[in-house]
Amino acid sequence: IIVSEHRLYYLRGLADRFIYLADGQVSHDYSAAEFGQLTEQQSSDMGLRTFALERLLPPVLPQQAKTALALRNFHFAYKNEPETLHIMDCEIPTNRIVGIIGNNGAGKSTFSRCFCGLEKRCGEIVWNGKKYRPKDRLNTCYMVMQEVNHQLFTESVLDEVLISMEEANQKRAEEILSRLDLLDFKDRHPMSLSGGQKQRVAIASVIASKRSILFFDEPTSGLDYRHMKEVANVLRQVRDAGITVYVITHDLELILDCCTDIIHLEDGSIIDQYGMDEDGLRKIREYFIKGVSEK
Ligand SMILES: Nc1ncnc2c1ncn2[C@@H]1O[C@H](COP(=O)(O)OP(=O)(O)O)[C@@H](O)[C@H]1O
Ligand SMILES: [Mg+2]
């Protein structure tokens, strides 16, 4: 069996041999024991993701003010289906990078569609004393899709940002592009960029459109270490621009890198939420590492 993978942790104790390709050649050939001896530093220098989830540590994050929004009556059923989402009235964090976790089918994507107002009949959000019905949320929230190609429409990166503005303002558009390291690409066709760059163009448009909440659905699945780190940086840039980030993810490395809070969904309900303090770190490790040893 040959597995071509970026996520290595679940192959520990499973794979017998590790072959590292670079520039179309076999550059290293390790036995499982040799591979297990690599330090985190060595493997990250090689652009590899971690082999041992329990070795990962989150960076020390500056304390941010705690703010929240309220979810009210967040129930939803797809047509001719039993109710999929049954979230009790509750508060969830804002102005942060919030990881949304849960098993397949837990309702994460449904929650994000309902939250962003893409489903017309789901609940109310109360935020800063204001009520947001689904259609109000269409202008407040934005979902960055995995297939970002569907979200880019114009002939140039600059145009992409300009059309998202209420009133086109080139100076501000260039400022936003510069913040996302895209200014050098402003005249390029969006489709000529790399995946990560396209994702940043979509985000530049969101910042330009003054949406205040951004959802990502599994932005790092299939990405290697360097590209995962790039996404984490972009999420931080978005958060630093004052936008609340909700990121649906199965990527513990991404979570430890940039999430400050976790919402855990199962069977259409929020079964837990916590900050990434010592206790939160223990919980998130348990969730992911237990998942691995059970497989
Ligand atoms: N368009 C749809 N129509 C009917 N049922 C759906 C649809 N999308 C998702 N579901 C069901 O809703 C439940 C939650 O799915 P989903 O929100 O995609 O979960 P997750 O993103 O956590 O994997 C699943 O049981 C799934 O089969
Ligand atoms: Mg999903």
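In whole Hz, what ³J(HN,Hα) sequence does segment 206-215 give by Karplus (6.51, -1.76, 1.60; θ = phi - 60°), x for Gly and Pro?
5, 4, 5, 7, 6, 5, 10, 9, 10, 9
What residues have an amide H closer than 5 Å to that of residue 100, excluding those fewer than 5 places away on the same chain, when H is modeled at 1.01 Å from N in the peptide plane?
247, 248, 249, 263
For a test of the definition: using alpha carbon positions, the gyration tensor, and the 1.5 limit on a/c, classify the chain as rounded, prolate or oblate.
Cα axes put the chain in the oblate bin.
Rounded to the nearest 500, what is the 222 nm mean residue ellipticity of the chain from helices alone, with -39500 (n - 2.57) per DSSP H run of 4+ residues and division by all residues?
Rounded to the nearest 500, the figure is -9500 deg cm²/dmol.
Going 7 Å from the Cα of residue 120 toward and past its Cβ, which residues in segment 43-87 have a backbone nitrogen under 16 Å from where you end up?
Answer for segment 43-87: 77-80.
I'd like the Karplus ³J(HN,Hα) series for segment 105-114: coefficients 6.51, -1.76, 1.60, θ = phi - 60°, whole numbers in Hz, and an x wherever there's a Gly or Pro.
Working through the residues one at a time gives x, 5, x, 5, 5, 4, 4, 5, 5, 5 Hz.
Which of rounded, prolate, oblate describes segment 187-254, given a ≥ b ≥ c as roots of the alpha-carbon gyration tensor eigenvalues and a/c under 1.5 marking rounded, otherwise prolate only if a/b is larger than b/c?
oblate
Isolated Cys in the chain by the 4.7 Å beta carbon test?
Cys with no partner Cβ under 4.7 Å: 90, 258, 259.
With all protein chains present and a 1.4 Å probe, how do 185, 288 order by accessible area, largest first?
Largest accessible area first, the residues go 185, 288.
Residues with beta-carbon under 11 Å from that of residue 249, excluding residue 249: net charge, scoring Lys, Arg +1 and Asp, Glu -1?
-4
Using a ≥ b ≥ c from the Cα gyration tensor of segment 9-55 (square roots of the eigenvalues), is it rounded, prolate or oblate, where a/c under 1.5 gives rounded and otherwise the larger of a/b and b/c decides, a/b for prolate?
oblate
Note down the magnitude of the dipole of the chain about its Cα centre, charges +1 on Lys and Arg C-beta and -1 on Asp and Glu C-beta and zero elsewhere, to the nearest 20 debye.
Value, rounded to 20: 860 debye.
Show the residues, 5+ positions off or on another chain, whose built amide H is closer than 5 Å to the amide H of residue 28.
For residue 28, whose amide H was placed from the backbone, the distant partners under 5 Å are 20.
What is the sum of charges, Lys and Arg at +1 and Asp and Glu at -1, for the other residues whose Cβ falls under 15 Å from the Cβ of residue 124?
Surrounding charge for residue 124 is +4.
Report the label-to-label distance for residue 171 and residue 153 in nanometres (one decimal), using points 7 Å from each Cα along the Cα→Cβ vector.
2.7 nm
Rolling a 1.4 angstrom probe over the protein heavy atoms, how many square angstrom per residue are accessible across the chain?
Computed with neighbouring chains in place, this is 53 Å² per residue.
Considering amide H positions built from the backbone, and no H for Pro or chain starts, which residues 5 or more places from residue 272, or on another chain, come under 5 Å of its amide H?
264
The values are calculated or read from the model by the stated rules, or taken from the named source; none is laboratory data. Predicted model, so just to flag it, every value in this text is computed and none were measured. Backbone-built Cβ (ideal geometry, glycine too); neighbour counts: all protein chains shown. These accessible areas exclude ligands, DNA and RNA; they are computed on the full protein's heavy atoms, side chains included. Shrake-Rupley method; radii C 1.70, N 1.55, O 1.52, S 1.80 Å.
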